[in-house]
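The values are calculated or read from the model by the stated rules, or taken from the named source; none is laboratory data. As the structure is a computational prediction, the values presented were derived from the model and not from experiment. Cβ coordinates were reconstructed from backbone atoms using ideal geometry, including for glycine residues, and neighbour counts include every protein chain displayed. Note: accessible area is taken over every heavy atom of the protein model, side chains too, but ligands, DNA and RNA are not part of it. Shrake-Rupley method; radii C 1.70, N 1.55, O 1.52, S 1.80 Å.
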Amino acid sequence: MGGNRSARRNGSGIPAGLLASLVIALLAFGGIGIRYYVHGDLNAIHCLFSLFFSVNLLICHWEACLFLRRDQIETRARHWRKRQRETGRTPALEFLSTKVPLRRILSPTVWADAWATYSMIDPSYTDRRTLGFVVDIGNGFVTPVPTLVLYAAFTVGFPPAVLVGILGAMLFWQWVYVSSLYWVSFFVAGRQAHVTRRELYTYVVAPNAFWVFVPAFGLYVSVRLILDGNYGVLGF
């Protein structure tokens, strides 16, 4: 399996980090473009949530891979830990530069390495008993459909705002709550002592801040949808 990874690094394909960025951009600009085509305008709040929903849809696929390749992730984590000792390179950055063949862009085997390398920062993802492991699997299988519903509703202003607001309040609250708990669990477990300050802010603080503060704003938007009974907060 290690040989396959080496071949991917040197062969044809798209670097994993670039591929992930392209998927997010395609999904986000798709919604922004549809809104402009239908309503002839752009809205900053809609653009923000187009980005957030697009990132979550990609992460949901990765989280499904976390469940489907949980045994492989444990094996690959040992590989990346050994490679880090040998090369001194950051596994996450090395993975993001790995080339992914187009025929394998959805392969769970490929994206399992996202978790294997992140487990260098947080070993939770090689331990099925932990909060991080369980809640990410839950997000991966539960939130794609409501995410798509909210994305469509925020883009075209349908169905009724009250219904969308209720769904949004439930979904955004669980993101705020669970992401906040993840922060707490990381620090209570003392995992910050095993990473550098740069790694802490790059891989733990910043990504989870996105999942706390954007959904917190989403709660405000959802409450406005319920109380106003229209999409005025989104510029409709």
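Within the range 41-82, restricting attention to residues that are among the acidic types (D, E) and over 20 Å from N208 (Cβ atoms), which residue is most open to solvent (accessible area, probe 1.4 Å)?
Per the criteria, the residue is D71.
For (1) in contact (Cβ under 8 Å) with a residue 12 or more places away in the chain; (2) assigned to a helix (DSSP H, G or I); (3) over 27 Å from W175 (Cβ atoms), each residue gets a yes or a no:
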residue	(1), (2), (3)
G17	yes, yes, no
S21	no, yes, no
G31	yes, yes, no
V55	yes, yes, no
L58	yes, yes, no
F67	yes, yes, no
T75	yes, yes, yes
E94	yes, yes, yes
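For R85, all conditions in the list (1) surrounded by 16 or more Cβ atoms within 10 Å (Cβ to Cβ); (2) in a helix (DSSP H, G or I) hold save one; what is the number of the exception?
R85 satisfies every listed condition except (1).
Looking only at the range 90-128, count how many residues are touching a Pro at 6+ places or on another chain (Cβ under 8 Å) and either among the charged types (D, E, K, R) or under 24 Å from V23 (Cα atoms) (or both).
Keep residues of the range 90-128 that are touching a Pro at 6+ places or on another chain (Cβ under 8 Å), which gives 96-100, 116-117, 120.
From what is left, the residues that are either among the charged types (D, E, K, R) or under 24 Å from V23 (Cα atoms) (or both) are 96-100, 116-117.
The total comes to 7.
Just checking: which of the helices (runs of 4 or more DSSP H) contained wholly in the range 129-236 hold 2 or more residues that are touching a Pro at 6+ places or on another chain (Cβ under 9 Å) and open to solvent by less than 20 Å² (accessible area, probe 1.4 Å)?
Working: elements: 131-142, 144-156, 161-188, 206-228.
Of the helices (runs of 4 or more DSSP H) lying wholly inside the range 129-236, those with at least 2 residues that are touching a Pro at 6+ places or on another chain (Cβ under 9 Å) and open to solvent by less than 20 Å² (accessible area, probe 1.4 Å) span 161-188.
Quick one: in the range 112-123, which of the residues that are in a helix (DSSP H, G or I) and without any contact (Cβ under 8 Å) to a residue 60 or more places away in the chain is most open to solvent (accessible area, probe 1.4 Å)? Lay out the reasoning, then the answer.
Here is the first cut: in the range 112-123, the residues in a helix (DSSP H, G or I) are 112-118, 123.
Filter again for without any contact (Cβ under 8 Å) to a residue 60 or more places away in the chain, leaving 112, 115-117.
Numbers: A112: 0, W115: 22, A116: 0, T117: 6 Å².
Within the range 112-123, the match that is most open to solvent (accessible area, probe 1.4 Å) is W115.
Looking at the range 123-140, which of its residues are at pLDDT below 90 and among the acidic types (D, E)?
D127 - this is the single residue of the range 123-140 that is at pLDDT below 90 and among the acidic types (D, E).
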